[in-house]
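The values are calculated or read from the model by the stated rules, or taken from the named source; none is laboratory data. Bear in mind that the values here come from a model prediction, so they are computed numbers and not experimental data. Methodologically, a virtual Cβ is constructed for each residue, glycine included, from the backbone with ideal geometry; neighbour enumeration extends over all protein chains shown. Remember, those area values only see protein heavy atoms, side chains included, never the ligands or the DNA or RNA. Shrake-Rupley method; radii C 1.70, N 1.55, O 1.52, S 1.80 Å.
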Amino acid sequence: MIKEIPVKYDPTIIEDKWYGYWMEQNFFHSEPDEREPYTIVIPPPNVTGVLHMGHMLNNTIQDVLVRRARMLGKNSCWVPGTDHASIATEAKVVDKLLKEGIKKDDLTREQFLEHAWEWTHKHGGIILEQLKKLGASCDWQRTAFTMDEVRSASVIRTFVDLYNKGYIYRGVRMVNWDPAAKTAVSDEEVIYREEQSKLYYVRYIVEGTNDQYITVATTRPETILGDTAVCVNPADERFTHLVGKRVLVPLVNRSVPVIRDEYVEMDFGTGCLKITPAHDTNDYEIGIRHNLEVIDTFNDDGTLSEKAQLLVGVDRFEARKQIIPMLEAAGNLVKIEDYTNKVGYSERTHVPIEPKLSAQWFLKMGDLAKPALEAVESDAIRFYPSKFKNLYRHWMENIKDWCISRQLWWGHRIPVYYLPDGSFVVAETGEKALELARIKTRNPALALNALRQDEDVLDTWASSWLWPISVFEKEDPTDTCDLDYYYPTNDLVTAPEIIFFWVARMVIAGYEYKGTLPFKNVYFTGIVRDKLRRKMSKSLGNSPDPLDLIAKYGADGVRVGMLLCSPAGNDILFDESLTEQGRGFLTKVWNSFRLINGWEIDSTIPQPEHSRLGIEWFRAKLNEAILTMDDHFDKYRLNDALLTIHATIRDEFSGWLLEIIKPAYQQPIDSKTYTQVIELLEELLRLLHPFMPFISEEIWQLIGDRKAGESIMMASWPRASGNNKELCERFETVKEHISNIRSNRKEKNIATKVELPLYIIPGEKGFYPEFNSILSKLGNVSKLVTDPEEVEGITTTTTTTAYMVDATTVHIPFEGNVDVEAEGAKIKKELEYYHSFLNSIEKKLENQKFLASAPALVIELEHIKKADTIEKIGLLKERLATFL
């Protein structure tokens with residue numbers, strides 16, 4: 001016995017104890033040295049966020065990879081950090097201020113930012129502290145924030161560089177406008193939902209007539225006030241007579257032309273399309289082609305503007321309700337139909353997006369994207385699963401210029417400085433901008449207060465796309481020691497829904513600024529869903545609190561529960577029973593250790609043969625498991641690697657080896673076997689550690705004489721010392737024998753303590769005498785007889801039952817232990833069944849129609865079934881004869 005240990009494993013005490021120890025010993029921290037680096041950068045969660053189930057899965061996977069790499073002897077560095085999340089954070093701060101009776105518009109930019117920084121300092125570290133509860137072995141000394149000084153300098157420096165290279169430009173374009181956040185958002189930040197809408201048919205009177213009109217169908221009648229044309233398809237003969245004429249826009253009586261454009265679908269609605277260049281992307285393109293006027297009838301907050309002339313200041317959806325009776329009263333509304341369409345929503349604020357013309361800053365993506373596409377196409381960067389290559393390729397081949405400006409205050413302010421004459425300069429600081437402005441104006445007396453910095457901030461992703469680079473940068477940008485050592489990183493673990501937002505852009509930035517890829521492998525996690533396949537979310541109330549799960553099941557139990565059902569790229573149907581299963585495995589591991597720990601050790605007794613064989617077999621089985629796990633890790637099949645060690649411990653170690661070597665009741669175990677099983681347990685714990693770091697550390701510390709500063713996380717990853725496949729295969733037959741003996745005992749109601757002799761007729765396979773000692777112990781076998789004469793004698797004179805393992809037949813005498821009459825009746829019932837089954841097969845084989853139409857293979861299988869059934873009947877008759 002090692003020492004007294006608790007009967008029940010208590011995760012709460014043990015997890016806090018070991019995480020504190022790891023932190024005290026600085027095990028998570030990395031500095032460049034002569035070792036091979038292994039680097040992961042965390043997908044930075046929103047600074048205002050809290051831990052959810054997606055974070056749990058993603059960070060568990062990262063921790064598994066990092067811990068294993070550390071055990072492989074690599075200099076592992078897992079960089080944590082948070083994202084400033086411009087839109088989300090600003091929305092939270094605005095909401096907080098409103099509750100305090102303060103409007104954003106009543107504050108200066110500097111005053112608002114003071115509130116934003118206060119909010120960030122208060123809430124910014126919550127999610128990182130929560131990750132520690134999960135066991136995340138991040139290098140917390142390297143914690144980064146996308147708006148800290150080093151990262152901010154990197155972002156601004158990059159903007160200036162890209163502008164100077166000609167990649168960044170300012171232009172008026174149709175953008176996705178979020179009226180709630182009052183900012184532009186990218187195409188990738190728009191989520192389309194199918195909705196049941198209405199299709200409104202509206203009549204436009206032909207100018208100069210009272211009875212001629214053209215009817216259009218629209219889902220957005222509130223935009224009629226901004227119409228500047230009506231368009232038809234050039235091939236549509238129904239409207240040829242109207243082309244070139246003018247019609248009057250309902251309610252405002254604006255005269256607009258009837259034009260032709262091939263974009264119009266003749267079979268949609270009436271075949272006529274109202275054109276509102278300011279509020280529809282396609283209408284905007286048509287407007288450019290036909291030089292149409294642009295009338296913006298919406299304010300930034302989604303209310304109607306002065307240019308609408310009617311319903312000024314009314315919200316767009318309320319305006320839709322109010323304009324219908326107005327159109328009806330004016331005689332312009334023809335009919336309303338139900339219609340199903342897709343509406344774009346802001347990913348952040350969940351309000352419908354408004355297409356809007358706006359002056360924005362854009363980044364040209366065409367040339368920048370080419371090396372990033374090639375990197376994935378050539379497998380320089382590998383995706384797991386590889387199916388996401390197609391999605392990546394489609395987006396990269398159809399990439400559009402990136403709108404990188406946002407109309408917010410929280411974020412990296414765009415480093416563009418406007419001169420009094422409207423021109424501008426681009427510089428990293430106001431001082432550098434002033435130098436450029438003085439050169440540009442040839443005015444050395446120009447003062448800094450004469451310059452006005454752009455009010456917009458950069459898209460959040462314009463900082464996080466630099467993350468694999470910027471987290472290793474220093475205050476002195478010329479100090480590239482860390483960057484040169486840790487970059488490129490090894491693995492990225494992320495969700496496929498940000499493959500465009502983040503993954504693709506990081507690859508682009510990597511090739512532009514480091515001339516190489518930012519990571520070698522991308523592991524895509526699935527979405528965590530409930531049993532109804534709904535995405536887990538607070539709004540649905542279907543997402544458990546991860547910290548509550550950890551408190552209930554332990555961090556190790558939750559980690560295992562999440563990983564058991566999460567192959568790469570596939571969604572996870574989460575159920576709390578999974579974490580229950582994880583806790584059950586925790587208990588199994590702990591109880592196995594307790595069993596070993598409870599044995600008394602006697603150094604004077606020799607090692608039994610069954611223990612020697614059991615140890616030899618399990619070493620071979622463990623080598624097999626190590627090779628299998630290494631292969632799974634190489635292919636990023638982490639759940640398969642976990643299933644391998646899970647089965648090895650639960651089934652092979654606890655279920656078989658410990659039963660083989662377990663000493664008799666109140667008897668000691670020999671010291672050699674004990675030492676060997678502790679060595680094997682130690683290897684198992686090292687294989688288990690990346691998945692279950694806490695319990696593996698606890699037991700590892702208990703089974704050895706450890707010094708201060710030692711930890712399983714710094715121990716080496718086990719390596720296979722051979723592959724004895726034949727030994728493992730032969731032992732499987734031992735398992736079959738034991739299972740058959742136990743099932744016969746159960747079937748015949750023979751107590752386990754009753755010794756049974758085995759009379760064996762060996763075949764080419766199925767019996768290996770070298771395992772007789774194990775067979776005898778686990779089966780409680782009194783003797784094993786293989787002499788043909790003895791076997792024949794017992795089977796002809798004594799009541800026996802028989803079973804087969806491969807080609808080997810084993811007879812078990814049970815006279816005196818079994819109700820002969822009941823057993824005979826049971827065999828007769830089996831014979832009736834097999835005679836009936838044989839009769840059905842014979843009838844089928846006598847059916848000429850079946851023989852003529854069935855494939856030859858099917859007929860052959862029927863003949864095989866017939867032969868097998870006849871053989872089974874023969875065996876049953878032999879057994880029955882022993883009861884007569």
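The table that follows gives values for the structure above.
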quantity: Qualifying residues in region 97-132 (those that are open to solvent by 50 Å² or more (accessible area, probe 1.4 Å), part of a helix (DSSP H, G or I) and of a type in the set (Lys, Arg)) - the one modelled with the lowest pLDDT; calculated: LYS122
quantity: Among the residues listed as ILE439, ILE469, the single one being open to solvent by 10 Å² or more (accessible area, probe 1.4 Å), within 19 Å of TYR513 (Cα to Cα) and among the hydrophobic types (A, V, I, L, M, F, W, C); calculated: ILE469
quantity: Boolean, ASN210 is part of a loop (DSSP other than H, G, I, E, B) and polar (S, T, N, Q); calculated: yes
quantity: Unique match (being under 31 Å from the mean Cα position of the chain (by Cα) and either open to solvent by 10 Å² or more (accessible area, probe 1.4 Å) or more than 22 Å from THR587 (Cβ to Cβ) (or both)) among ASP651, ASP670; calculated: ASP651
quantity: Test for ARG246: is it modelled with pLDDT of 95 or more, open to solvent by 10 Å² or more (accessible area, probe 1.4 Å) and either more than 30 Å from SER358 (Cβ to Cβ) or touching a Ser or Thr at 6+ places or on another chain (Cβ under 8 Å) (or both); calculated: yes
quantity: GLY779 vs. criteria open to solvent by less than 20 Å² (accessible area, probe 1.4 Å), small (Gly, Ala, Ser), more than 40 Å from the chain's Cα centre (by Cα) and within 26 Å of THR799 (Cα to Cα); calculated: yes
quantity: Among (1) open to solvent by 10 Å² or more (accessible area, probe 1.4 Å); (2) in contact (Cβ under 8 Å) with a residue 12 or more places away in the chain, the one test that PRO221 misses; calculated: (1)
quantity: Candidate set from region 194-217 (those that are crowded, with 21+ Cβ neighbours inside 10 Å and among the hydroxyl-bearing types (Ser, Thr, Tyr)); member that is farthest from HIS279 (Cα to Cα); calculated: TYR204
quantity: Counted residues, region 702-753 - those being buried (at least 18 other Cβ atoms within 10 Å of the Cβ) and free of Cβ contacts under 8 Å to residues at least 24 places away in the same chain; calculated: 1
quantity: Filter result (surrounded by fewer than 22 Cβ atoms within 10 Å (Cβ to Cβ), hydrophobic (A, V, I, L, M, F, W, C), within 41 Å of the chain's Cα centre (by Cα) and outside any loop (DSSP other than H, G, I, E, B)) within region 255-311; calculated: none
quantity: Among residues of region 523-542, those that are at pLDDT 80 or above, in a loop (DSSP other than H, G, I, E, B) and in contact with a helix residue (DSSP H, G or I) (Cβ under 9 Å, 6 or more places away or on another chain), counted; calculated: 3
quantity: From the options GLU337, GLU328, residue that is in a helix (DSSP H, G or I), of a type outside the set (Val, Ile, Thr) and open to solvent by 30 Å² or more (accessible area, probe 1.4 Å); calculated: GLU328
quantity: Strands (runs of 3 or more DSSP E) enclosed by region 343-445 - at least 1 residues per element that are under 23 Å from ASN164 (Cβ atoms) and modelled with pLDDT of 95 or more; calculated: 354-363, 416-418, 424-426
quantity: Helices (runs of 4 or more DSSP H) enclosed by region 458-499 - at least 1 residues per element that are polar (S, T, N, Q) and farther than 19 Å from HIS84 by Cα; calculated: none
quantity: Residue in region 385-407 that is touching a Pro at 6+ places or on another chain (Cβ under 8 Å), crowded, with 18+ Cβ neighbours inside 10 Å and of a type in the set (D, E, K, R) present; calculated: no
quantity: Residue count for region 54-96, restricted to those that are part of a helix (DSSP H, G or I), of a type in the set (A, V, I, L, M, F, W, C) and at pLDDT 95 or above; calculated: 6
quantity: Criterion violated by HIS632 - all others in (1) in a helix (DSSP H, G or I); (2) within 21 Å of THR675 (Cβ to Cβ); (3) touching a helix residue (DSSP H, G or I) at 6+ places or on another chain (Cβ under 7 Å) satisfied; calculated: (2)
quantity: Meets criteria (on the phi < 0 side of the Ramachandran plot, part of a helix (DSSP H, G or I) and open to solvent by less than 70 Å² (accessible area, probe 1.4 Å)) for SER137; calculated: no
quantity: Matching entry among TYR834, TYR803 (being at negative phi, open to solvent by less than 70 Å² (accessible area, probe 1.4 Å) and not in a helix (DSSP H, G or I)); calculated: TYR803
quantity: Flag for ASN639 being surrounded by 19 or more Cβ atoms within 10 Å (Cβ to Cβ) and modelled with pLDDT under 95; calculated: yes
quantity: Per-region count, region 145-178, residues of a type in the set (Val, Ile, Thr) and in contact with a helix residue (DSSP H, G or I) (Cβ under 8 Å, 6 or more places away or on another chain); calculated: 5
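Let's see how each residue does on (1) open to solvent by 60 Å² or more (accessible area, probe 1.4 Å); (2) at pLDDT 95 or above; (3) closer than 30 Å to HIS52 by Cβ:
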| position | (1), (2), (3) |
| --- | --- |
| MET562 | no, no, yes |
| ASN570 | yes, no, yes |
| SER592 | no, yes, no |
| HIS610 | no, yes, no |
| GLY614 | no, yes, no |
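Each row is one residue, and each column tells you yes or no for (1) in a helix (DSSP H, G or I); (2) surrounded by 18 or more Cβ atoms within 10 Å (Cβ to Cβ); (3) out of contact with any Cys (no Cβ under 7 Å at 6 or more places or on another chain).
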position: VAL558; (1), (2), (3): yes, yes, yes
position: SER566; (1), (2), (3): no, yes, yes
position: GLY582; (1), (2), (3): yes, yes, yes
position: LEU586; (1), (2), (3): yes, yes, yes
position: ILE605; (1), (2), (3): no, no, yes
position: LEU622; (1), (2), (3): yes, yes, yes
